[in-house]
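What follows is one structure encoded as structure tokens, with my remarks underneath.
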Amino acid sequence: MNNIIGEDLKQIVDVIDNAEALVLGAGSGLSSAAGFKYEGMFFEENFSDFIEEYGFSDMYSAGFYPFETLEEYWGYWSRHIYLNRYKYKDNELYKNLIDFIKDKNYFVITTNVDHQFQLSGVDKNRLFYTQGDYGLFQCSVPCHNKTYDNKDIIAEMVEKQKDRKIPSNLVPYCPKCNKPMTTNLRVDDTFVEDKGWHRAHENYKNFLDINKYKKIVFLELGVGFNTPGIIKYPFENMVRKYENAVLIRINQEKSPYFFDIKDKIIFVKGDLKETLNDIFKYKNKKEQL
């Protein structure tokens, strides 16, 4: 299905309404649809000094730049984290999405690291944040598998930075080995999977195991091909294996799938925000009838 029309809306809402379990898989496309942009005017307004100095074009690629000093590294990253994690405004799209599924037997798996599901009210026991969290530090080695909340230090870094650099006394170091701390983001094999990560992983596996024989819907939103092995391909494989499973895939980009699951997938190609808002409106209208 390439366009969301009346029959598509009815089918999607009916399938979700009749589901006995729902797994929501969310990628970066969902946060983009919700207004969290890594480029364009937002980036230019908040990182003009870094753009002028280095020619950065977006927040994502800038995060991989090899800064010469830790003071400048954290000058960039503290601002990045603050804007995407802590300078929070109620997000209507996320809130409406959670309201849409809250009465279902649901679980959320996401590759997003901006904490929007938690901020929008998802029970942490129903959430697996596979790629980390902007709100956590970890040892860069790492010498141990523990993460640390960074809210207060990030706020101080942002407040006191000057000329793209933070004061040297604010550079965070590991409390165990004294090596520099870093962000808890999965960029290489040093990513720390702490106790919370493993607990969330176990909760996800248990949810799938308990519900795999039920009418289970896999709702995939804005998942691209950066990390298809986390959500996209596992969802297809589970739909293939579970007799009563259906996959609903909504993406702005073309998203091919194997023909052997064509009778168990509803694919909508289109603007994710507009599509979700159409679904929410149809659901509300249905409930009022």
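Observations, loosely collected:
- Measuring against 23 Å, Cα to Cα, the residue pairs Lys104/Lys205; Lys87/Lys205; Lys104/Lys254 contain Lys87/Lys205; Lys104/Lys254 as the ones spanning a longer distance.
- In the chain, the DSSP beta bridges split such that about 30 percent are antiparallel, to the nearest 5.
- Using the Cβ-Cβ distance between Phe64 and Lys37 with R0 set to 22 Å, the FRET efficiency from 1/(1 + (r/R0)^6) comes to roughly 0.75.
- Global size of the chain: 20.5, 63 Å for Rg and Dmax (C-alpha atoms, Rg to one decimal, Dmax whole).
- Counting other Cβ atoms within 10 Å as a rough exposure proxy, the listed residues His144, His115 run His144, His115 from fewest neighbours to most.
- Once each of the chymotrypsin sites (Phe, Trp or Tyr not before Pro) sitting in a DSSP loop with at most 13 other beta-carbon atoms within 10 Å is removed, the chain keeps 89-212 as its longest stretch.
Since every read-out is calculated from the coordinates, none of them should be taken as a lab result. Fair warning: this is a prediction, and the values are worked out from it, not measured in the lab. All Cβ positions, even for glycine, are placed from backbone atoms using ideal geometry, and neighbour counts span all protein chains on display.
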